[in-house]
Amino acid sequence: MMMNNHFFHLVKHSPWPILVALNLINLILGVVKLVYNNSFFFFFFFTTVLIVSQWWRDIIRESLYEGSRSLKINYIIGAGMIFFIVSEVWLFVSFFWMYFYFSLSPDMNLGSVWPPYNMIQMSFMDIPMLNTLILLMSGFFVTWTHYELTMNKFSNVTSSLIMSILLGFYFLMIQSYEYLNSNLSFNDSVFGNSFFILTGFHGLHVMIGLIFLSFMMIQLIKKSFSLMNFHGFEYSIWYWHFVDVVWLCLYLSIYWWSM
């Protein structure tokens, strides 16, 4: 393999970025179709997972087997992950802006009250509180896994990471149960719109975080980590804690403050 006289990694030609971009466009269209009980979303979500898995496979090979990751490159990738999370933060800021815009100054069509009349919402001490505890416990277990890795204690690493992933799936199951048993629908004024947009997009990010953590678990089981290339696991932890913080904001604003 040729040695480079610089600290940077020139990526090879890859079909995965353009395929991911095209699938993400279809995924957004699938979200719109999902409102009308269409199943296109799940098909494109599955194909996106397949393409991303191939892309991450190539990245892992470059890092683990080809030695294409210097410290400077890892810093640059870490900065890119931070910018990505910041862009996700602003996405949710726009949704919260919409929510507080309508809730702090309710329109006359809503009866000038928030929540509008006849909007029966689930108590914040019921399923939402349970979901909050589950997601916080999942964040605790993934942080504990990282701590065990850095301390070179490998006895409980896999089990704690599996527990974190299972709690994430349990969160999605309970969220689905809440949707099925809720008295709200997407067409119930702007209150129903904002409720399902905020919680739905958060659920989508939980799915992405679970995929991220699942790939890290496969790497952990295959013993594909080293002192130089477990940065992907750290990035997955950053993303998972971002999901935790967004849910806490959702819980305090939609469930607790609205009540």
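The values are calculated or read from the model by the stated rules, or taken from the named source; none is laboratory data. Because the structure is a prediction, the values reported are computed rather than measured. Methodologically, a virtual Cβ is constructed for each residue, glycine included, from the backbone with ideal geometry; neighbour enumeration extends over all protein chains shown. Accessible surface areas use protein heavy atoms only, side chains included; no ligands, DNA or RNA. Shrake-Rupley method; radii C 1.70, N 1.55, O 1.52, S 1.80 Å.
For the range 71-255, what is the charge dipole size about the Cα centre, in debye to the nearest 20, if Lys and Arg each add +1 at the Cβ and Asp and Glu each add -1 at the Cβ? Before the final figure, lay out the partial values.
Working: 4 positive and 8 negative charges, 136 e Å.
Dipole size: approximately 660 debye.
Debye calculation, C-alpha points only, no solvent: report log10 I(q)/I(0) for the range 13-68 at q = 0.26 Å⁻¹, in the same order as the q values.
These q points yield log10 I(q)/I(0) values of -0.93.
Report the local net charge at V206: Lys and Arg +1, Asp and Glu -1, summed over other residues whose C-beta lies under 15 Å from its C-beta.
That sum, taken over residues with Cβ under 15 Å, equals -3.
Let me have the 222 nm mean residue ellipticity of the chain computed from DSSP H runs of 4+ only, each contributing -39500 (n - 2.57), with the sum over all residues rounded to the nearest 500.
Values: 7 runs with 181 residues, N = 259.
Calculated from helices alone, the mean residue ellipticity at 222 nm is -25000 deg cm²/dmol.
In the chain, once you exclude exposed trypsin sites (Lys or Arg not before Pro) (DSSP loop, at most 10 other Cβ within 10 angstrom), what's the longest stretch remaining?
In the chain, the maximal stretch lacking such sites is 13-152.
How about the range 128-182: which chymotrypsin sites (Phe, Trp or Tyr not before Pro) there lie in a loop by DSSP and see at most 14 other Cβ atoms within 10 Å?
F154
Give the lysines reachable from K12 as a straight Cα distance under 25 Å; neighbours fewer than 8 places away on the same chain don't count.
Within the straight-line cut-off, K12 pairs with K72.
How big, in percent, is the set of alpha carbon pairs in the range 71-255 lying more than 24 Å apart?
45 percent
Ignoring ligands, DNA and RNA, please state the percent of accessible area on the chain from carbon and sulfur, probe 1.4 Å.
72 percent
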